[in-house]
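Where a number appears in this text, it was derived from the coordinates with a stated rule and is not lab data. Source: prediction; values computed, not measured. With ideal geometry, Cβ positions are generated from the backbone for all residues, glycine too; neighbour counts draw on all protein chains shown.
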Amino acid sequence: MITLVDYNAGNLTSVRRALTHLGIPSQISADPEVVRRADKIIFPGVGAAGAAMRTLRERGLDAALKEAFAKGTPILGICIGCQIILEHSEEDDAECLGLLAGKTVRFRPKLPSPLTPLPAGEEDSCSGVRERLKIPHMGWNAVTVIQPHPLLAHLRPGDELYFVHSYYPQPADPAHIYAVSDYGGEFPVAIGKDNLFAVQFHAEKSGAVGLRVLENFSEQ
Amino acid sequence: MLSKRIIACLDVRDGKLAKSVKFVDTQDIGDPVVKAREYYEAGIDELVFYDITASSENRGILLEVVSRVAEQVFIPFSVGGGLRTVEDCHRVLLAGAEKVNVNSAAVKNPGLIAEASKAFGAQAVVLSMDVLRVSPSPSIPSGYEIVIHGGRIRTGLDAIEWARRGEELGAGEMVVNSIDADGTKEGYELTLTRRIAEAVSVPVIASGGGGHPAHLYDALTEGKADAALVASMLHYGEYTVAQIKEYLAGRGIKVRRMNAK
């Protein structure tokens, strides 16, 4: 039984529907005791880091997640759940769970403002203007595995997954990075350590390759 | 970098699939859930459902369609048509949609965009606009006017200005639907699409007029769109999702290919 941590952060029901479709038993819970005793935990979420952390603390779920991690419960974080496992987020300047050393940082647009001209030679051939880096990073992007992990074992080069986010996780230790994507430069999209693994993409909304991540998690 | 998205648009009336042609008449062509699942398995990147149900008593049917889709289709999809309040939007999101599309109601009450954006995040709010080509005038300097209620009512709003305003209010994405091009299958309105794409910094989705994969190519290059909406060229089996993507990839457009199962 997989326990989905409920902290009012959005995509819980989408993840639940995906698990149901895959025939994987799951329950949604906001109870720290249930989270402490869980066999496996999915820590999903969309929204802002500050509000997410506030709700986790109000419900006592921050301590429960830390304990579950310490005693070896397999945990899968998704989206915000991939960001607030680090120590700090630039979003809302939020103090986070610190399960993994590092911080969550914002994408920096290549250009300070839409009105700033591009350096010579960087125009695109079609319009004479290079595309600005749009934030949020929203849509399908290729995920490149840089360190094998059982949850990503099925991914083939060029496989794309679905993203919606303005911030990304930056673990302090590069050994904790398993996959990257490219958006105006490479950034980590799958991170982890021991029994903790987390993905920035929406595994529950990324078609067959995304569902397979959830399946791998339930089987590991 | 991000792939360009191909989005299938499903017009839903009384829970059934319809495709409007020039917004005049609609013809029933099947079950939206079956079609949605078919396109999902064929590799579509996203889906949009527009509720064109005339009578308000049948609107509940749409929520059933949305939740049935959400149980079977694991890619993002949005829902629009008849969403007038934040509560309407909330119901659609709870039923399983990622995003809401607001159109006429946002023109009448721009605060809806701001409220929905605040409540659900900008990424969940798509501003959809129907645009008619008119003679440029002091109030419509671009020569593109926003129309509502399926193109029946002119608003006096300039489309470029409205797009900018929509972004300021918190829309995370824009669907630019040309009334002139819609249903013609002669190609998207490239000038309009490009002008809006240059005016805003959120993703722009070209809509109306797609009849050949080359039209998508034009919208994604010359039109500067981030995504293109397709309807009848898919619904009537003229092209498959794979054919459209192969064509675009062959011309150097980055699109998502289905590698793994």
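This ranking places B:Arg194, A:Arg108, B:Arg133 by how few other beta-carbon atoms lie within 10 Å of each, fewest first, which gives A:Arg108, B:Arg133, B:Arg194.
Legend: calculated FRET efficiency, B:Asn58 to A:Arg54, from the Cβ-Cβ distance at R0 = 35 Å, rounded to 0.05, equals 0.30.
Modelled this way, with points 7 Å down the Cα-to-C-beta line, the labels at B:Ser135 and B:Glu198 are 2.5 nm from one another. Relative to the dominant Cα principal axis of chain A, helix A:207-219 is inclined by about 30°. Placing unit charges on the Cβ atoms only, positive for Lys and Arg and negative for Asp and Glu, gives the protein assembly as shown a dipole magnitude near 200 debye about its Cα centre. Peptide B:65-77 has a mean of 4 when you count, residue by residue, the C-beta atoms of other protein chains within 10 Å of its C-beta. For B:Lys35, go through the aspartates and glutamates and keep the ones whose alpha-carbon is under 17 Å away, minus same-chain ones fewer than eight residues off. The qualifying aspartates and glutamates are B:Asp11, B:Asp14, B:Asp45, B:Glu46, B:Asp51, B:Glu64, B:Glu71, B:Glu238. Pairs over the 28 Å Cα-Cα cut-off, from the set A:Lys103/A:Lys205; B:Lys16/B:Lys254; A:Lys40/B:Lys254; A:Lys103/A:Lys134; A:Lys103/B:Lys245: B:Lys16/B:Lys254; A:Lys40/B:Lys254; A:Lys103/B:Lys245. Here chain B is assigned +1 on the Cβ of each Lys and Arg and -1 on the Cβ of each Asp and Glu. Its dipole about the Cα centre then comes out at about 360 debye. In this label model, B:His149 and A:Ala101 are separated by 6.5 nm, measuring between points 7 Å along each Cα→Cβ vector.
The alpha carbon centroids of the stretch B:69-95 and the stretch A:161-220 are separated by 26 Å. For chain A, the mean residue ellipticity at 222 nm estimated from helices alone is -6500 deg cm²/dmol, where every DSSP H run of n ≥ 4 contributes -39500 (n - 2.57) and the total is divided by all residues, rounded to the nearest 500. Computed over the Cα atoms of chain B, pair by distinct pair, the Kirkwood hydrodynamic radius stands at 18.1 angstrom.
Computed from the C-beta positions of B:Arg84 and B:Tyr236 and an R0 of 35 Å, the FRET efficiency is 0.65 to the nearest 0.05. Taking every C-alpha pair closer than 8 Å and separated by at least 6 residues, the mean separation divided by the residue count of the stretch B:5-250 gives a relative contact order of 16 percent.
Rounded to the nearest 20, the size of the Cβ-charge dipole of the stretch B:24-147 about its Cα centre is 400 debye, with Lys and Arg at +1 and Asp and Glu at -1. The distance between label points at A:Ala175 and B:Lys16 comes to 6.4 nm (points 7 Å beyond Cα on the Cα→Cβ vector).
Using the Cβ of B:Gly121 as centre and a radius below 11 Å, the other residues enclosed give a net charge of +1, where K and R count +1 and D and E count -1.
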